[in-house]
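Student: Encoded as structure tokens, here's the structure I'll be asking about.
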Amino acid sequence: CLWVRNLRLKRRLPGPFAWPVVGNAMQLGQMPHITFAALAKKYGNVYQIRLGCSDVVVLNGGRAIREALLRRGAEFAGRPNFVSFQAVSGGKSMTFNSYSKQWKIHRKIAQSTIRAFSSANSQTKKAFEHQIAAEATELVEIFLKLSAHGQYFNPAHELTVAAANVICALCFGKRYGHEDVEFRALLEKVDKFGETVGAGSLVDVMPWLQTFPNPVRSMFKNFKDLNKEFFGFVQNKVEEHRETFDPEVTRDMSDAIIGVIDKAGGDNGLTKGHAEGTVSDLIGAGLDTVSTALHWIILLLAKHPEKQSKLHELLDKVVGPSRLPSVEDRSRLSYLDAFIYETMRFTSFVPVTIPHSTTSDVTVEGLHIPKDTVVFINQWSVNHDPLKWKDPHVFEPARFLDEEGSLDKDLTNSVMIFSAGKRKCIGTQIAKVEIFIFFAILLHQCRFEKCAGEDLSLNCSYGLTLKPLHYRITAKLRGQLLKGD
Ligand code: HEM
């Protein structure tokens, strides 16, 4: 039956020749999204590769991807049954579980919890923005300390702590100091999470690699250990919340999630462990992505001093030196948003989404894809399509501004980094607000500079997120050091 299925798949979808045992795994290279885009030039936007024991369909380009995720949403909303996915959150993660009635309820709960704590009404909106601004002003102070006497430093870790603090404060009502050694150590480990769940990771498609000592086996062991440790951290916090739970007072997201999942007594198919799964989904997803975005923004600011000066001029004109920028200034700071969109497009730092799988037989661009096929969605290819973007390999934020200097909505909507359809990122709105406030405050307060004579490299490591390799910058205070209100 599997043989017949494979035969059908092979007949109907184009793709490169696959070697026995490894398939095309050795051809992916260091940056699989770029290989996928190159293969699309030869085989079209919908083609098939083989990775170890898995047939994988790769979708490229805006048209094919939107047809699949928006017009055939339910058919593409599955997740593959990978061993690495089962290791996340004790198997109770919403993100890494497949499409089902129970999954729909789980996703709705996670979505409405985020909304309740970030944008439900003007009060929650203000509180959320205020908390981000407080993290951003603390980050400014830390950057200035690390830059004392003209020193250079790598901002990666402080950015991760700052982004983690925003989501931890929402989930647990608690933030952690930048000097908290245990918290830093935990985050350092979690940083490696994306290496295993990113598209093209070999653990899931070559299970036999786990039977003898090799780098993939040790990577998978580290992955299981980091998941255990991270999930243990979340479980402790959620358990503490259970012990002091008061149905009359919802202190934070953990309380809200416990309230809905535990108290439903299994009526919605979700059990107690799903509360921990939901909290760890939100924390895990909310720290690596936002910090990586900020990491690229800082690198690109230092790499393009003339663009940074233009941003400073705009901030000086719209905000001035005696107060910090806020979301209310946003409509007059379109060039900041243009810089953010161009960072997302140019770096495409989530190049391929979390792998999907088909929930039933389906057709895309006239090509038949059978049920239970693993699907990779190449977001990078959408953001670098020369038919959509002029000089896609050039970093040019102004491409997002129209003649009046306003954001071109057609172009901003064409950037794909949060995916689309039934699996679209549920943190899109809060991520955009977070990135804007962090960026605006850091930029208002500091000028970022690279070492003289050093050309900042755009080289990065591949995984679920693309992370810049080690680089160093220095931050110089512009004007007066301001605190949030
Ligand atoms: C899923 C991007 C921030 C929560 C995803 C996916 C992408 C993504 C590409 C996978 C979608 C797919 O598989 O098709 C981003 C980016 C972010 C960001 C670029 C920041 C710049 C956040 C934040 C949260 C969050 C702040 C929550 C606090 C989630 C969750 C999922 C997800 C829960 C799983 C959705 C599902 O499987 O149904 N995100 N994300 N994300 N994101 Fe985000």
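Bear in mind that the values in this text are calculations on the coordinates, not laboratory data. Here the structure is a predicted model, which is why all the values come from computation and not from measurement. Glycine gets a Cβ as well: all are built from the backbone with ideal geometry, and neighbour counts include every protein chain shown.
Student: Of LYS237/LYS476; LYS424/LYS450; LYS263/LYS371; LYS126/LYS409; LYS101/LYS126, which ones are farther than 27 Å apart at the Cα? Don't skip to the end; give the middle numbers.
Tutor: Working: LYS237/LYS476 38 Å; LYS424/LYS450 36 Å; LYS263/LYS371 36 Å; LYS126/LYS409 25 Å; LYS101/LYS126 34 Å.
Violating the 27 Å Cα-Cα cut-off are LYS237/LYS476; LYS424/LYS450; LYS263/LYS371; LYS101/LYS126.
Student: Along each of its three principal axes, how wide is the spread of alpha-carbon positions in the stretch 245-317, in whole angstrom units, largest first?
Tutor: Principal-axis extents of the Cα atoms in the stretch 245-317, largest first: 58, 23, 17 Å.
Student: May I have the pair-distance distribution P(r) for the stretch 42-136, computed from all Cα-Cα distances with 10 Å bins from 0 and rounded to whole percent?
Tutor: Pair shares across the bins are 13, 26, 29, 23, 8, 0.
Student: Only four residue types carry charge here, +1 at the Cβ of Lys and Arg and -1 at the Cβ of Asp and Glu. Report the dipole size of the chain about the Cα centre in Debye, rounded to the nearest 20. List each step's numbers first, then the result.
Tutor: Details: 60 positive and 52 negative charges, 327 e Å.
It comes to approximately 1580 debye.
Student: Can you spot the lysines whose alpha carbon is less than 19 Å from LYS221's alpha carbon? Ignore those fewer than 8 places along the same chain.
Tutor: Qualifying lysines at Cα under 19 Å: LYS189, LYS192.
Student: Find which of ALA162, VAL260, GLY173 sits farthest along the positive direction of the dipole of the stretch 160-262, computed with +1 on the beta-carbon of Lys and Arg, -1 on that of Asp and Glu, about the Cα centre.
Tutor: Of the candidates, ALA162 comes out farthest on the positive side.
Student: Decide, for the stretch 158-316, between rounded, prolate and oblate: order the square roots of the alpha carbon gyration tensor eigenvalues as a ≥ b ≥ c, take rounded if a/c falls under 1.5, and otherwise choose prolate if a/b is larger than b/c, else oblate.
Tutor: Working: a/c = 2.25, a/b = 1.15, b/c = 1.95.
Oblate.
Student: Another question, then. Starting from the Kirkwood radius over alpha-carbon pairs of the stretch 406-459, derive D by Stokes-Einstein at 10 °C in a medium of 1.306 mPa s and give it in µm² s⁻¹.
Tutor: Result for D is 110 µm²/s.
Student: Test of the criteria: in the stretch 364-470, which GluC sites (Glu not before Pro) are in a DSSP loop and have at most 11 other Cβ atoms within 10 angstrom of their Cβ? Mind showing how you got there, number by number?
Tutor: Values: sites: GLU365, GLU403, GLU404, GLU434, GLU449, GLU454; in loops: GLU365, GLU403, GLU404, GLU454.
Qualifying residues, ordered by number: GLU403, GLU404.
Student: State the Cα centre-to-centre distance between the stretch 379-450 and the stretch 114-129 in whole Å.
Tutor: Here the answer is 23 Å between Cα centres.
Student: In the stretch 302-456, what is the volume of the convex hull around the alpha carbon atoms, normalised per residue and reported in Å³? List each step's numbers first, then the result.
Tutor: Working: hull volume 21.9 nm³, N = 155.
Dividing the Cα hull volume of the stretch 302-456 by its residues yields 142 Å³.
Student: Listing ARG345, ARG217, ARG50 from the residue with the fewest other Cβ atoms within 10 Å to the one with the most, what is the order? Don't skip to the end; give the middle numbers.
Tutor: On the way: ARG345 27, ARG217 14, ARG50 23.
So the ranking, lowest neighbour count to highest, is ARG217, ARG50, ARG345.
Student: With only alpha-carbon atoms in the gyration tensor, what are the semi-axes of the equivalent ellipsoid for the chain, in Å, largest first? Intermediate results must be reported in sequence, preceding the final value.
Tutor: Numbers: eigenvalues 255, 163, 93 Å².
Computed over the chain, the values are 36, 29, 22 Å.
Student: List THR292, THR211 from most exposed to least, where exposure is judged by having the fewest other Cβ atoms within 10 Å. The partial results should precede the final answer.
Tutor: Numbers: THR292 26, THR211 8.
Final ranking by Cβ density, sparse to dense: THR211, THR292.
Student: Could you work out the local net charge near ARG175, counting Lys and Arg as +1, Asp and Glu as -1, over the other residues with Cβ closer than 11 Å to its Cβ?
Tutor: Values: positive: LYS174; negative: GLU135, GLU138, ASP180.
Cβ neighbours under 11 Å give a net charge of -2.
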